[in-house]
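The values are calculated or read from the model by the stated rules, or taken from the named source; none is laboratory data. Keep in mind it's a predicted model, so treat the numbers as computed, not measured. Cβ sites come from the backbone with ideal geometry, for glycine too, and all protein chains shown count toward neighbours.
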Amino acid sequence: MPKYAMVIDLQKCVGCGACAIACKTENNTQNRANGQTFNWADYIIEKKKKFPDTEYTVRPVLCNHCSNPACVKACPVTPKAMFKGANGITMHNNERCIGCRQCQEACPYSAWDVDDENAAYSVISFNDFEKETHPFYRDRTEAIAACTSSGAEIAGKTGAVPAYRTKYHHPDYRDVRKKGIVEKCIFCEHRVENFDLPYCVESCPSGARVFGDLDNSGSDISKLLRKHRAVVLKPEAGTRPNVYYIRSFKPKA
C-alpha cells in the first residue's frame, strides 16, 4: 500500500484561496449555526516584523494525516470513527461518529472555539446545525418577493441540495454530512481511489500543492522532500504530520 502525504511549496503559494474554494465545491461543506463557513482546506496568514519591513506567509492548513494521530487515540467508540487507513490517510466514518468532539479537542491543530482568532486551525469541524443540512436551499423565501428566486427554487431546478452538490460514493463518509458529527479533510479519498488527485491539488493554479506516495522514492513528493528542507506544524506534539511545508515566499524587489 502507498503512504499518502502532501507537500505545500510556500514559495509558489500566493494565497489566492483556490484550494479552499475547490475543497468547498468538491465536498459540499456548509455554514455553521453561527453563520461562519468552514472548509476542510483553509489557510492562515502569519505576519512578522512591522511596516515597511513586514514579512508574511500564507500557510494553507488542513488535516495533517498524522502517523501518530491524537484524534484516533481520543475516539472512544469501537470500531473507531476516526481511524488510520492502510494508505496512510486519517479517515472518518460518519455512521460510527457520536459527535462527542473528543477527537477535535485532542487534535493539536484544531481550534475548539470557532470564534478563536486561530479558527483556521480548526481542521476538525463539528456540524452544529440546528436544522437539517443546507437549510438555505430548502427555504422558499424570496429576497425580493415575486422578483428573485429562493434557495428552494434554485435547488429544485438543479435537482440537488446544495445546488452545486458534487455527488460521490464512499463507504465511510457521505457527500453531504449530517448534523451532530465531526468532519474533516480525507485527502479526497473518493477521488484518490479512482487515481485522481485531491481536488485542492488539482485546482491550485501555481502548483503549490503536491500529493503522492512517500514510500515511492520516485514520486514527485519524495523528490521534493529530498531536495528541500521541510517543516511540519507543531512537531513538538509528537503526532508526526504528513503535510509538509517547503521554502518560503520571497517577493521580488
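Checking the structure you have, find out if any residue of segment 161-178 is surrounded by fewer than 13 Cβ atoms within 10 Å (Cβ to Cβ), touching a residue at least 40 places away in the same chain (Cβ under 8 Å), assigned to a loop (DSSP other than H, G, I, E, B) and polar (S, T, N, Q). No: zero hits. Restricting 101, 96 to residues that are among the basic types (Lys, Arg), crowded, with 16+ Cβ neighbours inside 10 Å and free of Cβ contacts under 8 Å to residues at least 40 places away in the same chain narrows the list to 96. Residue count for segment 179-207 under the criterion of being of a type outside the set (S, T, N, Q), in contact (Cβ under 8 Å) with a residue 24 or more places away in the chain and in a loop (DSSP other than H, G, I, E, B): the result is 11. Could you figure out which of (1) modelled with pLDDT of 80 or more; (2) surrounded by 15 or more Cβ atoms within 10 Å (Cβ to Cβ) isn't true of residue 49? The one condition residue 49 does not meet is (2).
Conditions (1) touching a residue at least 40 places away in the same chain (Cβ under 8 Å); (2) buried (at least 17 other Cβ atoms within 10 Å of the Cβ); (3) not small (Gly, Ala, Ser), marked per residue:
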residue	(1), (2), (3)
209	yes, yes, yes
213	yes, yes, yes
218	no, no, no
221	yes, yes, yes
225	yes, yes, yes
232	yes, no, yes
235	no, no, yes
239	yes, yes, yes
243	yes, yes, yes
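Results for (1) out of contact with any Lys or Arg (no Cβ under 6 Å at 6 or more places or on another chain); (2) closer than 24 Å to residue 248 by Cβ; (3) at pLDDT 95 or above; (4) among the hydrophobic types (A, V, I, L, M, F, W, C), shown as yes or no for each residue.
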| position | (1), (2), (3), (4) |
| --- | --- |
| 187 | yes, no, yes, yes |
| 201 | no, yes, yes, yes |
| 208 | no, yes, yes, yes |
| 211 | yes, yes, yes, yes |
| 214 | no, yes, yes, yes |
| 218 | yes, no, yes, no |
| 223 | yes, yes, yes, no |
| 227 | yes, yes, yes, no |
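Look at segment 45-73: where a residue is among the small types (Gly, Ala, Ser) and a partner is at pLDDT 85 or above, sitting 6+ places away or on another chain with Cβ atoms under 6 Å, you get 67/240; 70/106; 70/107; 70/239.
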